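Please treat every number below as a calculation from the coordinates, not as lab data. Bear in mind that the values here come from a model prediction, so they are computed numbers and not experimental data. FYI the Cβ positions are ideal-geometry reconstructions off the backbone, even for glycines, and counts take in every protein chain you see.
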Amino acid sequence: MWKSSLLLESWHWRRWWISMGTVAPLGASEVVASCSYDKTVRLWDAGGSRQHQLSSLAGHAAPVVQMAVGRGGMVATGDRGGSVIVWEVSQGGPAWRLKNIHKGHITAIAILHDVPGHGAPPLILTGGQDGTVRAWDPRQKNHVAKNTLHSNDKGRGAVGAIIGGSGAFGGLVITCGADKTLKLLDPRSGFCDTAAIALSDFPYSLSAVGNLALCGCGDGSLVVVDVERGEVLYGLGANRAAVRTLECSADTLLCSGDDGRAIVYRFGA
């Protein structure tokens, strides 16, 4: 666990809202990556007895609001200006800058490894307020695919979340967005959507366990989807308001939301 002195130091040092934080696997080191409205990405040593900041990565021209961590020290971050930077944190700087790739904010990022149809190199998926999902090859620095999934006929919307690449559901990618749909994409066919599932309200959280996708909505419902079959299995009343957070293990699901409560479910045999 982090010492309280380090948490206070991190907030005092930034003096801005911290957008996201996640564990970044860098060899044997215990490193936490954070991004912030101060336009920086920071790496923190979370191991040992003297936790401290390792580095501060600068390069964004707008507040950093999205972040994903991949293998081998790869981090991708997105900002409110529609730009993304891919970092090789072991090198201490940006490896690839993707400027103005979405209209409006970057709203979702995922780093996928061993993607079906694309070999071993990773792919980076980005989503924005334009409702579009784009795929990028950071090794070749190529734009791989584009699919507008979560927008209306006026081009307005947003991609809420992107997850995928799991062998448990055949390598399909899952997205959800402001159009109140959850969609399944097949990387082998240019990330075309293979199924669209209507949700009862705006999706605020998305997770997966085994071959199931779990989506928390603004009306407090939790929708459970069988990814392989592309259909809803059941729904749960997980909150009295928006379901903001979903955390899964092999047999347990933790949900929390705007009513201030947390609820734990156990997956049956």
Just the projected area, averaged over all directions, of the convex hull on the alpha carbon atoms of the chain: how many nm²? 14.6
Tell me which of C248, M20, G237 sits at the most positive position along the dipole axis of the chain, charges placed on C-beta atoms (Lys, Arg +1; Asp, Glu -1). M20
Electrostatic dipole magnitude of the chain [Cβ: Lys, Arg +1; Asp, Glu -1; Cα centre; debye, to 20]: 760
Ignoring everything except DSSP H segments at least 4 long, calculate the 222 nm mean residue ellipticity for the chain; use -39,500 (n - 2.57) per segment, divide by total residues, nearest 500. -1000 deg cm²/dmol
For the pair R139 and R240, what calculated FRET efficiency results from E = 1/(1 + (r/R0)^6), where r is the Cβ-Cβ distance and R0 = 51 Å, to the nearest 0.05? 0.65
In nm, the gap between the two label points placed 7 Å beyond Cα toward Cβ at L233 and R266 is 1.7
Can you put L172, L54 in order of Cβ neighbours within 10 angstrom, beginning with the fewest? L54, L172
In this structure, the FRET efficiency calculated for R50 and D226 from their beta-carbon separation, with R0 = 41 Å, to the nearest 0.05, is 0.30
Filtered pair list for the chain (Lys only, Cα < 27 Å, 8 or more apart or interchain) has a length of 20
Of L206, L199, how do they rank once you tally other Cβ atoms within 10 Å and put the fewest first? L206, L199
With contacts defined as alpha carbon pairs under 8 Å and 6 or more residues apart, what's the relative contact order of the chain in percent? 8
Segments 72-81, 145-154 sorted - mean Cβ within 10 Å per residue, highest first: 72-81, 145-154
For the chain, modelled as a Gaussian network with Cα springs under 10 Å, which listed residue fluctuates most, S221, S207, S249? S249
Going highest first, how would you order 55-64, 90-99 by mean Cβ packing within 10 Å? 55-64, 90-99
Label E247 and A61 with points 7 Å out from Cα along Cα→Cβ: what is the distance between them in nm? 3.8
